[in-house]
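Engineer: Here's a structure for you.
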Amino acid sequence: MAVSTILKAVKQAIWVGWKVETNWADPLVFAIYYLIRPLAGLLIVGFIYLIGSGATGVFNPNYFAFMFIGNSFFIYVVQIMTTMGMLIHDDRSHYEVLKHIYLAPSSLWWYILGRALNGVVNASISLLLTLGFGVAIFQGLLHQQIPINWFSVNFPVLALSLVLGMICFVALGFLLCGINIMTSRVQFMLSEYVSGILYLFGGVVFLPEILPSWGQAISNALPITYFLRTIRFAFLNQAGSAFQTDLLYLAVTTLATILVGVGAFKIAMYKARKDGLIDRKEEY
Amino acid sequence: MLENFVETRGLVRTFGKKNDVVKALDGVSISIREGEIFGLLGPNGAGKTTIIKILTTLLLPTSGEAYVGGFSVVKEANKVRNIINLVSGGETPGYGILTVSENLWFFSQLYGLPSSVAKEKIKRLTVDLDFKKYATTRMAKLSTGFKQRMSLARGLLNDPKMLFLDEPTLGLDVLTAKRLRTYVIDWAKREKKGTVLLTTHYMAEADEMCDRVAIINNGKILACDSPTALKENLKATPIAKIDVSSIQADFSFIQKMRGVVGCSETRSIQTGVTSLKVMAQNEKVFSDIMSKLNEEKLKVLSINETEPTLEDVYIRLVGKGFEQAEEKANA
């Protein structure tokens, strides 16, 4: 297949993804939603901590920063899982275009990748807005010091973590696409369940060390744990942190996720073709 | 040049598991020549769409072989997808949130068309199919007829060597259906090598469009020839259309009468009339039928001898019309 065809398919998928996700509202309303959704998640967690620390009289700025970074970057998981968890159902049953995309020479793989990249772009915009407004609210309005030196962020580590993390989450998204093509009516809960598991065990707002041993074992197997550790290292520059080891684990778990996600999607597509599920119609 | 652009050998497709297996295709072997408009004619549930799904690589066969353009639909699916396109009737042709032009542009890019070629083609197709004025309208707001025009335009964007049309005029008004049929015939003739596989349960459509027609029932090909040749075989068989003033009566006794080759019935709730199409071994049989209808106190409004149609070919082969075959399949 020509590279130009692949690039065109990816570009169009990003564009269609944007249209699909933004078509329900006026641009202004959508922009507000775009900001409020991730910011609300951050503010809830932030205020719970502030209220709790106010009641106990102990405020740990390092922990606040830990939570702030974890919650902000978790938007990538939410956005990619939501986008990729819904697209098979939407395109197959709602828009009824999946079979035509599947039959196009550019292949469904590149289209899905494009839709996933749209999720990454959306999440990145949300992240920047959340970080900006989060700092403005907590530091500017509430005078809570977040020990992040914005001028000494370790950009090489940040960039490497983001690249590995995005590859990993997109691979996980392919797993969701595979499950969705084989099933029906689980698309809504599937992405939420996966996001929920990652939120619980991935060390987003608390250290995985406080989990029971079996919970820690799960946490150690999840790439998001290492993703957030390396991201935090890049922002907080924690001395003595074994970020090289975390990066290595992130790379290994990402590779494992690619094998599982892509393998599962490939098997699911074969089964879908065998069982006639690619153009299955559901009540919508 | 390939002699047969499409070829299937002993194609079998079953659905379901163990004790609940339905055989959708039962050893289908067809050959479609390059540049031919080939029709698959049969009632709903006969297996037409299953054949299309297998040939377009949407579905794997249970057994048998199928080739499109010389490529195996099982082993060389990507090569098949490069040379085909599919247009289905009665479905959403694209993203409802995008305009007609945006949808066509989206698909043109998935097909890998260069931008300038894509723009030119979209412009030409929207003009040729007479929906240019809706180019900037959201697809969701189009009527069924214009959605189907857009669907056909999408199907022709990549200049497919093989175009699959699955009930393309389903639910369309007479004029729109006629326009689409004419366009496809023109396209196939103009392109010279544009091969078309059409599935339909409209007899007139198959008669008008197809160079050859295969009649399919219960997953089996019953006959395959040009519409003229298929009808020619019935020249010696008398056919009569009998209108009876009742839509409640049970006419199954006609099928069982001696000398009756086949009988179809179409009940019209609006007029309260049932039209029977009866095929007989000789004309005397019609007198027996009239007597029997009188005995049953059924009022005969008219009886006319008719020329054979493709439906009659189907009745001759199956013994009943499409409607009865579909009723039986649904039951």
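Engineer: Looking at the stretch A:149-169, can you tell me whether even one residue there is among the hydroxyl-bearing types (Ser, Thr, Tyr) and touching a Gly at 6+ places or on another chain (Cβ under 8 Å)?
Structural biologist: There is no residue in the stretch A:149-169 that is among the hydroxyl-bearing types (Ser, Thr, Tyr) and touching a Gly at 6+ places or on another chain (Cβ under 8 Å).
Engineer: Turning to a different aspect of this structure: Just for the stretch B:1-43: of the residues that are of a type in the set (S, T, N, Q) and assigned to a loop (DSSP other than H, G, I, E, B), which one is nearest to residue B:322 (Cα to Cα)? Outline the logic, then answer.
Structural biologist: Restricting attention to the stretch B:1-43, the residues satisfying the condition of being of a type in the set (S, T, N, Q) are B:4, B:8, B:14, B:19, B:29, B:31.
Imposing the further condition that a residue be assigned to a loop (DSSP other than H, G, I, E, B) reduces the set to B:19, B:29.
Details: B:19: 28, B:29: 22 Å.
Only one residue fits best here, namely B:29.
Engineer: Another question, then. If I filter the stretch A:174-194 for residues that are within 19 Å of residue A:158 (Cα to Cα) and in a loop (DSSP other than H, G, I, E, B), do I get at least one hit? Steps first, please.
Structural biologist: Narrowing the stretch A:174-194 to residues within 19 Å of residue A:158 (Cα to Cα): none.
No - not one qualifying residue is present in the stretch A:174-194.
Engineer: When you go through (1) surrounded by fewer than 16 Cβ atoms within 10 Å (Cβ to Cβ); (2) within 28 Å of residue A:35 (Cβ to Cβ) one by one for residue A:209, which number turns out not to apply?
Structural biologist: (2)
Engineer: How many of the residues in the stretch B:28-58 are away from chain A (no Cβ under 14 Å) and either among the aromatic types (Phe, Trp, Tyr) or in contact (Cβ under 8 Å) with a residue 60 or more places away in the chain (or both)?
Structural biologist: As a first pass, look at the stretch B:28-58 and keep what is away from chain A (no Cβ under 14 Å): B:28-46, B:48.
The next check asks that each one be either among the aromatic types (Phe, Trp, Tyr) or in contact (Cβ under 8 Å) with a residue 60 or more places away in the chain (or both); those that pass are B:28-30, B:32-46, B:48.
Counting residues in the stretch B:28-58 that are away from chain A (no Cβ under 14 Å) and either among the aromatic types (Phe, Trp, Tyr) or in contact (Cβ under 8 Å) with a residue 60 or more places away in the chain (or both) gives 19.
Engineer: All but one of (1) under 18 Å from the mean Cα position of the chain (by Cα); (2) open to solvent by 20 Å² or more (accessible area, probe 1.4 Å); (3) within 14 Å of chain B (Cβ to nearest Cβ) hold for residue A:3; state the number of the condition that does not hold.
Structural biologist: That leaves (1) as the condition not met.
Engineer: OK, next. I need every pair where a residue in the stretch A:194-207 that is touching a residue at least 60 places away in the same chain (Cβ under 8 Å) has its Cβ under 8 Å from the Cβ of a residue that is in a helix (DSSP H, G or I) and among the charged types (D, E, K, R), sequence separation at least 6 or different chains.
Structural biologist: Final answer for the pair search is A:203/A:229.
Engineer: So for the stretch A:203-225 (the condition being of a type in the set (Val, Ile, Thr), in a helix (DSSP H, G or I), at pLDDT below 95 and more than 26 Å from residue A:54 (Cβ to Cβ)), does at least one residue qualify? I'd like the intermediate steps shown before the answer.
Structural biologist: Kept after step one, since they are of a type in the set (Val, Ile, Thr), are these residues of the stretch A:203-225: A:204-205, A:210, A:218, A:224-225.
Imposing the further condition that a residue be in a helix (DSSP H, G or I) reduces the set to A:210, A:218, A:224-225.
Imposing the further condition that a residue be at pLDDT below 95 reduces the set to A:210.
Applying the additional criterion that residues be more than 26 Å from residue A:54 (Cβ to Cβ) yields none.
No, the stretch A:203-225 contains no residue that is of a type in the set (Val, Ile, Thr), in a helix (DSSP H, G or I), at pLDDT below 95 and more than 26 Å from residue A:54 (Cβ to Cβ).
Engineer: Something else about it: From B:318, B:300, which residue is open to solvent by 30 Å² or more (accessible area, probe 1.4 Å) and either modelled with pLDDT under 85 or on the phi > 0 side of the Ramachandran plot (or both)?
Structural biologist: Details: B:300 fails: either modelled with pLDDT under 85 or on the phi > 0 side of the Ramachandran plot (or both).
Answer to the check: B:318.
Engineer: With the structure loaded, tell me whether residue A:183 is out of contact with any Cys (no Cβ under 9 Å at 6 or more places or on another chain), surrounded by fewer than 21 Cβ atoms within 10 Å (Cβ to Cβ) and hydroxyl-bearing (Ser, Thr, Tyr) or whether it fails that test. Spell out the reasoning first.
Structural biologist: Values: out of contact with any Cys (no Cβ under 9 Å at 6 or more places or on another chain): yes; surrounded by fewer than 21 Cβ atoms within 10 Å (Cβ to Cβ): yes; hydroxyl-bearing (Ser, Thr, Tyr): yes.
In short, yes.
Engineer: Quick check on the stretch A:95-105: of everything there that is part of a loop (DSSP other than H, G, I, E, B) and open to solvent by less than 10 Å² (accessible area, probe 1.4 Å), which residue is nearest to the other protein chains (Cβ to nearest Cβ)? First the steps, then the outcome.
Structural biologist: Going residue by residue through the stretch A:95-105, those that are part of a loop (DSSP other than H, G, I, E, B) are A:95-97, A:104-105.
Among the residues that remain, those that are also open to solvent by less than 10 Å² (accessible area, probe 1.4 Å) are: A:97, A:104.
Working: A:97: 6, A:104: 4 Å.
Among those that are part of a loop (DSSP other than H, G, I, E, B) and open to solvent by less than 10 Å² (accessible area, probe 1.4 Å), it is A:104.
Engineer: Just for the stretch B:85-103: of the residues that are more than 7 Å from chain A (Cβ to nearest Cβ) and of a type in the set (A, V, I, L, M, F, W, C), which one is nearest to residue A:4 (Cα to Cα)? Steps first, please.
Structural biologist: First, the residues of the stretch B:85-103 that are more than 7 Å from chain A (Cβ to nearest Cβ): B:85, B:87-90, B:93, B:99-103.
Now narrow it down to the ones that are of a type in the set (A, V, I, L, M, F, W, C): B:87, B:100.
Numbers: B:87: 26, B:100: 24 Å.
Restricting to residues being more than 7 Å from chain A (Cβ to nearest Cβ) and of a type in the set (A, V, I, L, M, F, W, C), the top hit is B:100.
Engineer: A further question follows. Considering each of B:73, B:68, B:6 in turn, give the residue that is under 21 Å from residue A:102 (Cβ atoms), in contact with a Pro (Cβ under 9 Å, 6 or more places away or on another chain) and open to solvent by less than 20 Å² (accessible area, probe 1.4 Å). Spell out how you get there, then give the answer.
Structural biologist: Values: B:68 fails: in contact with a Pro (Cβ under 9 Å, 6 or more places away or on another chain); B:6 fails: in contact with a Pro (Cβ under 9 Å, 6 or more places away or on another chain).
Unique residue meeting the criteria: B:73.
Yes/no per residue for (1) free of Cβ contacts under 8 Å to residues at least 40 places away in the same chain; (2) β-branched (Val, Ile, Thr); (3) surrounded by fewer than 24 Cβ atoms within 10 Å (Cβ to Cβ); (4) away from chain B (no Cβ under 14 Å):
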{"position": "A:68", "(1), (2), (3), (4)": "no, no, no, yes"}
{"position": "A:78", "(1), (2), (3), (4)": "no, yes, yes, yes"}
{"position": "A:83", "(1), (2), (3), (4)": "no, yes, no, yes"}
{"position": "A:93", "(1), (2), (3), (4)": "no, no, yes, no"}
{"position": "A:107", "(1), (2), (3), (4)": "no, no, yes, no"}
{"position": "A:125", "(1), (2), (3), (4)": "no, yes, yes, yes"}
{"position": "A:128", "(1), (2), (3), (4)": "yes, no, yes, yes"}
{"position": "A:136", "(1), (2), (3), (4)": "yes, no, yes, yes"}
{"position": "A:140", "(1), (2), (3), (4)": "yes, no, yes, yes"}
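Engineer: Ok, one more. Confirm whether residue B:146 is without any contact (Cβ under 8 Å) to a residue 60 or more places away in the chain, among the aromatic types (Phe, Trp, Tyr) and away from every other protein chain (no Cβ under 14 Å). Spell out the reasoning first.
Structural biologist: Details: without any contact (Cβ under 8 Å) to a residue 60 or more places away in the chain: yes; among the aromatic types (Phe, Trp, Tyr): yes; away from every other protein chain (no Cβ under 14 Å): yes.
Answer is yes for this residue.
Engineer: Could you tell me whether the stretch B:238-261 includes any residue that is open to solvent by 10 Å² or more (accessible area, probe 1.4 Å), touching an Asp or Glu at 6+ places or on another chain (Cβ under 7 Å) and touching a residue at least 60 places away in the same chain (Cβ under 8 Å)?
Structural biologist: Yes, there is a match, as at least one residue in the stretch B:238-261 is open to solvent by 10 Å² or more (accessible area, probe 1.4 Å), touching an Asp or Glu at 6+ places or on another chain (Cβ under 7 Å) and touching a residue at least 60 places away in the same chain (Cβ under 8 Å).
Engineer: Also, I was wondering about something else. Among the candidates A:234, A:242, single out the residue that is open to solvent by less than 60 Å² (accessible area, probe 1.4 Å), out of contact with any helix residue (DSSP H, G or I) (no Cβ under 8 Å at 6 or more places or on another chain) and either at pLDDT 95 or above or not polar (S, T, N, Q) (or both). Even if it seems obvious, please write down each step before you answer.
Structural biologist: Working: A:234 fails: out of contact with any helix residue (DSSP H, G or I) (no Cβ under 8 Å at 6 or more places or on another chain).
The match here is A:242.
Engineer: Here is a check on your reading of the model: is residue A:14 open to solvent by less than 20 Å² (accessible area, probe 1.4 Å) and aliphatic (A, V, I, L, M)? Talk me through it step by step, then tell me what you get.
Structural biologist: On the way: open to solvent by less than 20 Å² (accessible area, probe 1.4 Å): no; aliphatic (A, V, I, L, M): yes.
So residue A:14 does not fit the description; no.
Engineer: Based on what the data block shows, is residue A:199 crowded, with 16+ Cβ neighbours inside 10 Å and of a type in the set (Ser, Thr, Tyr)? Steps first, answer last, please.
Structural biologist: Details: crowded, with 16+ Cβ neighbours inside 10 Å: yes; of a type in the set (Ser, Thr, Tyr): yes.
Yes; evaluated as a whole, the condition is true for this residue.
Engineer: Among what's in the stretch B:262-292 and is among the basic types (Lys, Arg) and not in a helix (DSSP H, G or I), pick the residue that is least open to solvent (accessible area, probe 1.4 Å).
Structural biologist: Here is the first cut: in the stretch B:262-292, the residues among the basic types (Lys, Arg) are B:267, B:277, B:284, B:292.
Now narrow it down to the ones that are not in a helix (DSSP H, G or I): B:267, B:277.
On the way: B:267: 90, B:277: 32 Å².
Among those that are among the basic types (Lys, Arg) and not in a helix (DSSP H, G or I), it is B:277.
Engineer: Restricting to the stretch A:109-123, and then to whatever is within 14 Å of chain B (Cβ to nearest Cβ) and of a type in the set (A, V, I, L, M, F, W, C), can you tell me which residue is least open to solvent (accessible area, probe 1.4 Å)?
Structural biologist: Looking only at the stretch A:109-123, we keep the residues that are within 14 Å of chain B (Cβ to nearest Cβ), and these are A:109-115, A:118.
Now narrow it down to the ones that are of a type in the set (A, V, I, L, M, F, W, C): A:109-110, A:112-113.
Values: A:109: 84, A:110: 86, A:112: 0, A:113: 51 Å².
My answer is A:112.
Engineer: Just to be sure I understand the filter: pairs with C-beta atoms under 6 Å, separated by 6 or more residues or on different chains, first member in the stretch B:104-129 and more than 13 Å from chain A (Cβ to nearest Cβ), second member buried (at least 20 other Cβ atoms within 10 Å of the Cβ). Which pairs pass?
Structural biologist: As it stands, the answer is B:121/B:157; B:122/B:104; B:125/B:153; B:129/B:149; B:129/B:153, since those pairs meet every condition given.
The values are calculated or read from the model by the stated rules, or taken from the named source; none is laboratory data. The model shown is predicted, which means the values in this text are computed figures rather than measured ones. A quick note on method: Cβ atoms are made from the backbone with ideal geometry, for glycine too, and the neighbour counts reach across all protein chains shown. Only protein heavy atoms, including side chains, enter the accessible area calculation; ligands, DNA and RNA are left aside. Shrake-Rupley method; radii C 1.70, N 1.55, O 1.52, S 1.80 Å.
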